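The values are calculated or read from the model by the stated rules, or taken from the named source; none is laboratory data. Since the structure is predicted, the reported quantities are computational estimates derived from the model, not experimental observations. Backbone-built Cβ (ideal geometry, glycine too); neighbour counts: all protein chains shown.
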Amino acid sequence: MTEAAAITALRAGLPDRYLTPDDIAEMFEVSKETVYAWRKKRIGPPGFRVGKHVRYDPAAVKRWQDTRTAAEEAA
């Protein structure tokens, strides 16, 4: 498998850039204030700071979403 094919398989269709709070809000159809509240309460997808900006790794967001979906199905 070539390196490009391996990266494509690993990313499985995820964006090639880090996501912004606006991206997260759009993905989950919530307000940006909700995304920041999730971050403050540590209940949302894991994010990190780049200078003064918050960014989210698409793979981590996908894992968080999968975990939440599994928890909802188990309830």
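A search for C-beta distances below 8 Å between a residue of the range 48-62 that is over 10 Å from L19 (Cβ atoms) and assigned to a strand (DSSP E or B) and any residue that is modelled with pLDDT under 95 and of a type in the set (D, E), counting only pairs 6+ apart in sequence or on different chains, returns F48/D57. For the range 30-47, residues that are part of a helix (DSSP H, G or I) and either charged (D, E, K, R) or at positive phi (or both) total 5.
Only residues that are modelled with pLDDT under 95 and part of a helix (DSSP H, G or I) were counted across the range 1-22, and they come to 9.
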